[in-house]
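The values are calculated or read from the model by the stated rules, or taken from the named source; none is laboratory data. Keep in mind that what you see is a predicted model, and the values were worked out from it rather than measured. Virtual Cβ from ideal backbone geometry, glycine too; neighbours counted across all protein chains shown. These accessible areas exclude ligands, DNA and RNA; they are computed on the full protein's heavy atoms, side chains included. Shrake-Rupley method; radii C 1.70, N 1.55, O 1.52, S 1.80 Å.
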Amino acid sequence: MINCHKKTLDNGLRVAVVILPHLHSAEIAIYLKVGSRHDPPGKEGLSHFLEHMLFRGTADYPTTLELETAFEALGGSVNAATDADSTCFYARIHPRHAAEGLGIFASMLLRPTLSGIEVEKRIITEEALEDTNEKGEDINPDNLASRLLWPDHPLGMPTVGTLASIAGFTEQDLLEQTARYYVPANTVIAVAGDIVPEAIFSACEAFFGGWNGPLPPEAAPAPENQQSPRSMFVKDMDSQITLQVAFRAFRRGDRRIAVSRLIRRVLCGGGSSRLLMSLRERLGIAYSVNASLSAYDESGCFAVDLATAPENLTLAVKQVLLETRLLASEPMDAEELERVKQGYFFDLDYSRDSTYEMGARYGWGELMGVFTTIEQDQEESAAVTAEDIMETARELFAPPALNLVAVGPWKTPARREVERLLREYERDYPSPW
């Protein structure tokens, strides 16, 4: 079993040190529970923008160049990511210099200069433009599906924000967002590698011990009032149609999440998975098919993504819905279920060799209150039966949870046919749901 040492500082900052003595690199990951769902109305994208601004310089490293080279001097490279409900700053670093790396991160989080706002606006505007077509319409399937899943709620807004909201950001906005959410009680630091725990705890006390701030406000819950399938079609000048079939899924911590992980692998977990065999190997209408599972405090999403030629849109939708309905109505073959489980167990074992994955498991898991060990995940998944798969799939893929997005050069007859398929799915789906 992996050896992890944890400590909570007096200011509420939680620190986890994951000891991986067989590795020659270390990972520092700092997780904060703030993302796009915490952006104020009219300030969509503020959390993402703030994450970017912390790279523009600090009181100790006034420029981006000085900040980047400081990490490089320790054998590392630094990056960050913002999603709907969390922000993570992370760096691979040499184990001997992990404490020094924490000092640089402390400078970023506690002493940013927030300079160069107008330059960063131009950068983020370019990022946002990647998600728009020639008419200025959003063509990012994730953004569009989120809008269907959670209309008129921050979870339904793009993480990067809108062109209008980005243009309106001010230094005061950044200061207020920092004061609300960049506080120790809202943060977990995870360090994984060949590390001495006490050295990390001492460094965190030295660099972060004087950090303080009140608990942040709770995010507004997302209502779940969808009653029937929804769809959205957006025109884009491309050779293919990008399709996402997204189901409103289970909240974080729900017991069915473990079963959903296996369902994702059944559908898109590898070359032998059902949708890969159907859409690529048998029909030849998609090069790749992917499935993703996300979960929030009160809701979640299970999404299937693929791209196909316009003439194949209807057939692709039909096959995806056929597979979800089959999982909801017919028990899996025992051999297939065992093969899927075994693949998952292998991946869990592989994760022991990844400082990033260990940081995420112990850091993000602690932050969100859903931490489990690899052994617990293995035990929980091993107990899943074919009946569990069918019962969970019946709830997961129910028509009131279904949302479909198609982006590309679709034709009106194909759209009508897809909408007919959605009505048939609602009519024929095994009940009760």
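Overview of results
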{"item": "Subset of segment 176-225 (residues that are within 30 Å of residue 247 (Cα to Cα) and open to solvent by 40 Å² or more (accessible area, probe 1.4 Å))", "result": "217, 218, 220, 221, 223, 224, 225"}
{"item": "Single residue of segment 137-172 satisfying the filter (without any contact (Cβ under 8 Å) to a residue 12 or more places away in the chain and more than 16 Å from residue 403 (Cβ to Cβ)) that is surrounded by the most Cβ atoms within 10 Å (Cβ to Cβ)", "result": "164"}
{"item": "Residue within segment 381-395 that is touching a helix residue (DSSP H, G or I) at 6+ places or on another chain (Cβ under 8 Å), within 28 Å of residue 79 (Cα to Cα) and open to solvent by less than 20 Å² (accessible area, probe 1.4 Å) present", "result": "no"}
{"item": "Pairs, first under 21 Å from residue 188 (Cβ atoms) in segment 340-360, second open to solvent by less than 70 Å² (accessible area, probe 1.4 Å) and of a type in the set (Lys, Arg), C-beta under 8 Å, six or more apart", "result": "351/361; 358/352"}
{"item": "Within segment 237-254, considering residues that are surrounded by fewer than 19 Cβ atoms within 10 Å (Cβ to Cβ) and under 19 Å from the mean Cα position of the chain (by Cα), the one modelled with the lowest pLDDT", "result": "253"}
{"item": "Selected residue (only one of 228, 260 is farther than 23 Å from residue 308 by Cα and open to solvent by less than 40 Å² (accessible area, probe 1.4 Å))", "result": "260"}
{"item": "Some residue of segment 69-84 being crowded, with 16+ Cβ neighbours inside 10 Å, over 22 Å from residue 170 (Cα atoms) and not hydrophobic (A, V, I, L, M, F, W, C)", "result": "yes"}
